[in-house]
Structure formats: C-alpha cells, structure tokens
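Read-outs throughout are calculated quantities, based only on the coordinates presented, and are distinct from any laboratory measurement. Since the structure is predicted, the reported quantities are computational estimates derived from the model, not experimental observations. Here the Cβ positions follow ideal geometry from the backbone for every residue, glycine too, while neighbour counts run over all protein chains shown.
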Amino acid sequence: MPKPLLQLALDTFDLPSALAPLQQAAPHIDIIEVGTILCLAEGMGAVRIIRSLFPDKTILADVRIAEAGGIIAKMAFEAGADWVSVVSGAAPSTAEVVYNVAQEHGGEAQIELSDGWTWNQAERWREIGIDQAIIHRSRDAEAQGELSWGRADLDSIGRLSDMGYRVTVAGSVRADDIPTFAGVPVHVFIAGRAIRNAADPAAAAAEFQKAIAGVYTAQEQES
C-alpha cells in the first residue's frame, strides 16, 4: 500500500495569511490546497502566485464546482492548478465537463463527497473517468461530539478504493489520528489548522509526515 501524501489546506481570508505558514511548512508538504475561502477572497490570482512560488508542488484549487464547470475548471487550470474539486451534488453532466477540461489541461478532477451522496453516484463518476474522491468524517457523528473516525468511515474509504478511487481524507485531521487508518488505503491526508495555526508550521507538518511514515512504512514492511 503506497504511503499517503500530505496536503496543506490554505483556507484563509487573504494571501499573506496563507503564504506565511506555507513557506515554513512547504518542505514537508506534498500538495498545496488553495482553499475555497482563499479562492473566493483572492480569486485565481492566489493560484497563480502560489504556482509561481512553488513550481514543483501539486496544487489543488478547491473551487468546489457545482455548475459552470467548464468555465471554472478552465480558469483554475490556466492559473496553474493541477487538480480541481467538484461537489457531489453537481449534475453528472457538470462532473463530466470538468473531467474533460481536466484531461485537456493534463490535470485531474476530484469529487468532494458531501452528506447525501450515494454509491450509485460513485459508480457514475467512475464511469465518467473521475478517480479521486474526498471523504469527510461523518458530519452527524461530529455534531454529536464523536471526534474520531468510525468504522463506517473507514469502510467507505475501503469500498471507494475497491471501486478504483484514490481517496483523500479531510475533516480536522490531526497527526495523532493517523494510526486509526492503519490498513486503510488513503491516498492523501489533508491538514489545515493543525499545521496552518501551529506555532511552528514546519515542525507540525514534519510531525504529520512522521506519523504517516510510521503507520504506512510499517505496513509495507509487514507485507
């Protein structure tokens, strides 16, 4: 099972607030997420600037496309994004348009799984060609104070992986959550505030990478 990647979510209200922790944590980060809030606050200019500063990093423009998929995806890819996100509530035609634009630009589209998505939808997205999905911890469980990932969450990740998805895990992930995913095929872990708001973002990101390596390297050795 490949070692998961680490993604830093930059959901800030302005670019300077995003760049300060990013520049410290960047050596330990695999994917830079220009978060939805930052995209709304700064537009695609944020993607362009981050691309210019980090030409070798994978960049996600987390634009959460719901409609006007061709236009928004084209804007994001032309600004320098490698990946864009589509919400699970978007029409299949929108998801397909975004996927096609991604292919034209050598990029990828991700499905952001919101509450209410179905396995039939997941099959349809795979038929379109999309093979990345972002899964969040159950909102219902979180609202009830359950702050750990449950068996149902982990089973869903496994089932999505069996369907051919590379699964990104999001939702207040902490470094000490990583052992929970032992044996679970995660493609990317997203960290936001745990790194962005840390006193030492570089050390916080390094701690995540150490936790990921500790769990997944051990699994590779066992297999």
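Between H28, H187, H105, the Gaussian network model of the chain with springs among Cα atoms under 10 angstrom shows the greatest mean-square fluctuation at H105. Distance distribution note for the range 1-108: the fraction of Cα pairs above 16 angstrom is 55%. Here's how it looks for I134: its modeled amide H is under 5 Å from those of I111, E112, L113, T168, which are all 5 or more places away or on a different chain. The helix-based estimate of mean residue ellipticity at 222 nm for the chain, built from -39,500 (n - 2.57) per DSSP H run of four or more residues and divided by its residue count, is -14000 deg cm²/dmol to the nearest 500. Charged neighbours of L160, selected by a Cβ distance under 14 Å, balance to -2 (K, R count +1; D, E count -1).
Annotation: amide H of T12 within the under-5 Å range of G35, L38, sequence separation 5 or more or interchain, hydrogens built in the peptide plane.
Between amide H atoms placed 1.01 Å from N, distances below 5 Å from I65 occur with S85, V86, V87, all of them 5 or more places distant or on a separate chain.
Using only the C-alpha atoms, the convex hull of the chain corresponds to 121 Å³ per residue.
Exposure proxy shown here: for D153, D62, D14, the number of other Cβ atoms within 10 Å sets the order, fewest to most, as D14, D153, D62.
Relative contact order of the range 55-192, taken over Cα pairs closer than 8 Å and 6 or more residues apart, is 17 percent.
Computed 3J(HN,Hα) for the range 63-72, one whole-Hz value per residue from the Karplus formula 6.51 cos²θ - 1.76 cosθ + 1.60 where θ = phi - 60°, is 7, 6, 5, 10, 7, 6, x, x, 5, 5, glycine and proline marked x. Across the range 162-223, Cα-Cα pairs farther apart than 16 Å form 47% of the total.
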